[in-house]
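Engineer: One structure is given below, represented as structure tokens, and several questions about it will come after.
The values are calculated or read from the model by the stated rules, or taken from the named source; none is laboratory data. Quick caveat, the model's predicted, so the values are computed rather than measured. Note that each Cβ is placed from the backbone with ideal geometry, even for glycine, and that neighbours are counted across all protein chains shown.
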Amino acid sequence: MKIEDVICPFCGCLCDDLMVEIEGKKVIRVENGCTLANEKFMGDHRLKSPILRDANGWREVSYEEAISEAARILLDADRPLLYGWSGTHGEAQSVGVHLAELLGAVIDNTSTVCHGPSIMAIQEVGHPGCTLGQVKNRADVIVYWGANPIEAHPRHMSRYTTYADGFFLKDAFRERKVVVVDVRETESSAIANEFMKVDPGGDYAVLSALRAIVRGKRDLIPAKVSGVSREQLFRVADICLSARFGAIFFGLGLTMSPGKNKNIRNAIELTEELSRHTKFTISPMRGHWNVYGSNEVFTWITGYPYAVDFARGIAFYNPGETTSVDILRRGECDACLVVASDPGAHFPQECARHLAKIPTIQIDPHVNATTHLSRLQIPVAVTGIDAEGTAYRMDGIPIRTRMLFSGDYPSDVEVLEKIYARVKEEKG
Amino acid sequence: MTFILNTGRTIRQGSYVERKNSSFYCEEASLLHMNPVDMLELDIEEGSHVRARSSSGEVVVKAIPVTSLTRGKVFLCLGPYANQLVGPETYGTGMPDFKTTRVVIERTEDPLLTVAELMQSCGGVSYED
């Protein structure tokens, strides 16, 4: 059976134009998808049943036993951490937040090692953003800063920027100018009209130099700023100033490098400077397909987008203190529930060591690095394939992912609601 | 010789991200991109093993030449190999320095560990699917 207009649950682009052909409970063909989408839909590498580790090693257990064990571990903990949430749908994220409140736990999502610093900057100076549709139809200058969309968001350029014709850009490839700013040459920089190569850790200074130029202070700019020549800075500033509508997209090259949230603040303030002359917007290139959703759901319920600590009985948020890497580094949490992410692979090893020391429970369809650190893993359906739910695209547009067939696994929501019910029963 | 380690996504890493026990993922996540002149200076041949060491840890990876990389800079795709080297300090932001870790690189004959073995070295117990 062929299913049209399928949503891809891989990256923050949430492409909604895939054609997927299924045969029974298996995807046999994908059209319109990128390499990542094809692997996501065609991959068939799921963990078969819940697994539990005891003194004798790993053994398979029933869902009933796994859910009881998960609830017991969380109830026994004094400071549980509930981490992940970006690879599942909003309904599951919502149950997670309620579970955290009930337990007095910390709940954090993958923004913490992704665009957390962007959120901190947005909380300081706001977010002059727009939807990807506006960019596609209007933007004649695109800036990718610290981002490599060809590898991380493979259809971003063809659906929204470089190669996408829009209402006001009938021949986008020729009419749009693309600037790439990065510390290294990438596939994306190779197709840019202007590639500005910055020394590692030099983004803040380059952003400041561009702000000064836009403010008319060209005479203040030294011959080189963090590896970028004055002439190139003038050229890039002129490209931006000549835009009818410009869009900056930034990636982890800004959020993870020295300066972090202050880099983003500077980039937002550059956007505001440019908007005194023309129209400019700025948006983060969100990675996980529903990481934006985790920020939305956490914020609706708690007032904060990530790193929310319920230990005081109320929601408390303080990045650097209530963020997962810091909690694990301090050896503070005594149990961890990981949902739809892989901190074993993506956190510094000192954090992985702490996850191995404490009872870590993982809810995820696949075996990953965190599996080896866990005591218990519960496999679930994959949202967008055999489960459905709401996700948020990188520009904040909610899109309902679809269930392509009814599979053999429970969804994240079903498993989390059962754990919640057990915990609620015990807590009274 | 000291280098600045940058980490980031690659499309092959993304393709195998749901098969982290596979040899494909291991191969991609453990590929250290180096400038060929730096490799020549350290007498490192393409595909040979090197030990990368930072103030937070060390890991054996496989070096490949990438001409577009500036001398003194190396790149590993994000994942468990890179994170053996990245420190957990976040300077009050929640975000470690994933892009600018100082590492020392030297030749080694030691074997490359699998993802499961790396996690075992962190105190985990390997699960073979």
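Engineer: Give A:Asp203, A:Asp219, A:Asp199 a once-over and let me know the one that is among the acidic types (Asp, Glu) and away from chain B (no Cβ under 14 Å). Even if it seems obvious, please write down each step before you answer.
Structural biologist: On the way: A:Asp203 fails: away from chain B (no Cβ under 14 Å); A:Asp199 fails: away from chain B (no Cβ under 14 Å).
None of the other options fit; the residue is A:Asp219.
Engineer: Scanning the range A:216-245 for residues that are among the β-branched types (Val, Ile, Thr) and in a helix (DSSP H, G or I), which turns out farthest from A:Phe280 (Cα to Cα)? Reasoning before the result, please.
Structural biologist: Going residue by residue through the range A:216-245, those that are among the β-branched types (Val, Ile, Thr) are A:221, A:225, A:228, A:236, A:239.
Then drop every residue that is not in a helix (DSSP H, G or I), which leaves A:236, A:239.
Details: A:Val236: 14, A:Ile239: 12 Å.
This residue is A:Val236.
Engineer: Which condition number does A:Ala340 fail, the rest of (1) within 12 Å of another protein chain (Cβ to nearest Cβ); (2) within 14 Å of the chain's Cα centre (by Cα); (3) within 30 Å of A:Val198 (Cα to Cα); (4) hydrophobic (A, V, I, L, M, F, W, C) being met?
Structural biologist: All conditions are met except number (3).
Engineer: Further question on the same structure: Would you tally the residues in the range A:297-327 being within 16 Å of A:Trp85 (Cα to Cα), in contact with a helix residue (DSSP H, G or I) (Cβ under 7 Å, 6 or more places away or on another chain) and not hydrophobic (A, V, I, L, M, F, W, C)?
Structural biologist: 6
Engineer: Out of the residues in the range B:47-81 that are touching a residue at least 60 places away in the same chain (Cβ under 8 Å) and among the small types (Gly, Ala, Ser), state the one that is farthest from the other protein chains (Cβ to nearest Cβ).
Structural biologist: That would be B:Gly72.
Engineer: Answer yes or no: is there a residue in the range B:84-98 that is in contact with a strand residue (DSSP E or B) (Cβ under 8 Å, 6 or more places away or on another chain), at pLDDT 95 or above, crowded, with 19+ Cβ neighbours inside 10 Å and over 26 Å from A:Ser111 (Cβ atoms).
Structural biologist: No; the residues of the range B:84-98 include none that is in contact with a strand residue (DSSP E or B) (Cβ under 8 Å, 6 or more places away or on another chain), at pLDDT 95 or above, crowded, with 19+ Cβ neighbours inside 10 Å and over 26 Å from A:Ser111 (Cβ atoms).
Engineer: Identify, from the list A:Ala391, A:Ala311, the residue that is more than 9 Å from chain B (Cβ to nearest Cβ), buried (at least 22 other Cβ atoms within 10 Å of the Cβ) and either in contact with an Asp or Glu (Cβ under 9 Å, 6 or more places away or on another chain) or not in a helix (DSSP H, G or I) (or both).
Structural biologist: Working: A:Ala311 fails: buried (at least 22 other Cβ atoms within 10 Å of the Cβ).
Matching residue, one of A:Ala391, A:Ala311: A:Ala391.
Engineer: To continue, here is another question. Please go through (1) within 25 Å of B:Thr114 (Cβ to Cβ); (2) touching a residue at least 40 places away in the same chain (Cβ under 8 Å); (3) surrounded by fewer than 21 Cβ atoms within 10 Å (Cβ to Cβ) for B:Met1 and return the number of the only condition it doesn't satisfy.
Structural biologist: Among (1) within 25 Å of B:Thr114 (Cβ to Cβ); (2) touching a residue at least 40 places away in the same chain (Cβ under 8 Å); (3) surrounded by fewer than 21 Cβ atoms within 10 Å (Cβ to Cβ), the lone unmet condition for B:Met1 is (1).
Engineer: Only one of these is crowded, with 19+ Cβ neighbours inside 10 Å, outside any helix (DSSP H, G or I) and not small (Gly, Ala, Ser): A:Ile213, A:Ile248. Name it.
Structural biologist: Details: A:Ile213 fails: outside any helix (DSSP H, G or I).
Exactly one of A:Ile213, A:Ile248 is crowded, with 19+ Cβ neighbours inside 10 Å, outside any helix (DSSP H, G or I) and not small (Gly, Ala, Ser), namely A:Ile248.
Engineer: Continuing with this model, one more query. Test A:Gly24 against the stated conditions and say whether it is within 30 Å of A:Glu151 (Cβ to Cβ) and either outside the structural domain of A:Gly407 (by TED's automatic domain parsing) or crowded, with 21+ Cβ neighbours inside 10 Å (or both). Reasoning before the result, please.
Structural biologist: Working: within 30 Å of A:Glu151 (Cβ to Cβ): no; either outside the structural domain of A:Gly407 (by TED's automatic domain parsing) or crowded, with 21+ Cβ neighbours inside 10 Å (or both): yes.
No, not satisfied.
Engineer: Which number in (1) more than 14 Å from chain B (Cβ to nearest Cβ); (2) of a type in the set (Val, Ile, Thr); (3) touching a Leu at 6+ places or on another chain (Cβ under 7 Å) marks the one condition that A:Val125 misses?
Structural biologist: Of the numbered conditions (1) more than 14 Å from chain B (Cβ to nearest Cβ); (2) of a type in the set (Val, Ile, Thr); (3) touching a Leu at 6+ places or on another chain (Cβ under 7 Å), the odd one out for A:Val125 is (3).
Engineer: Which residues, taken from the range A:50-70, are surrounded by 11 or more Cβ atoms within 10 Å (Cβ to Cβ) and hydrophobic (A, V, I, L, M, F, W, C)?
Structural biologist: Within the range A:50-70, A:Ile51, A:Leu52, A:Trp58, A:Val61, A:Ala66, A:Ile67, A:Ala70 qualify.
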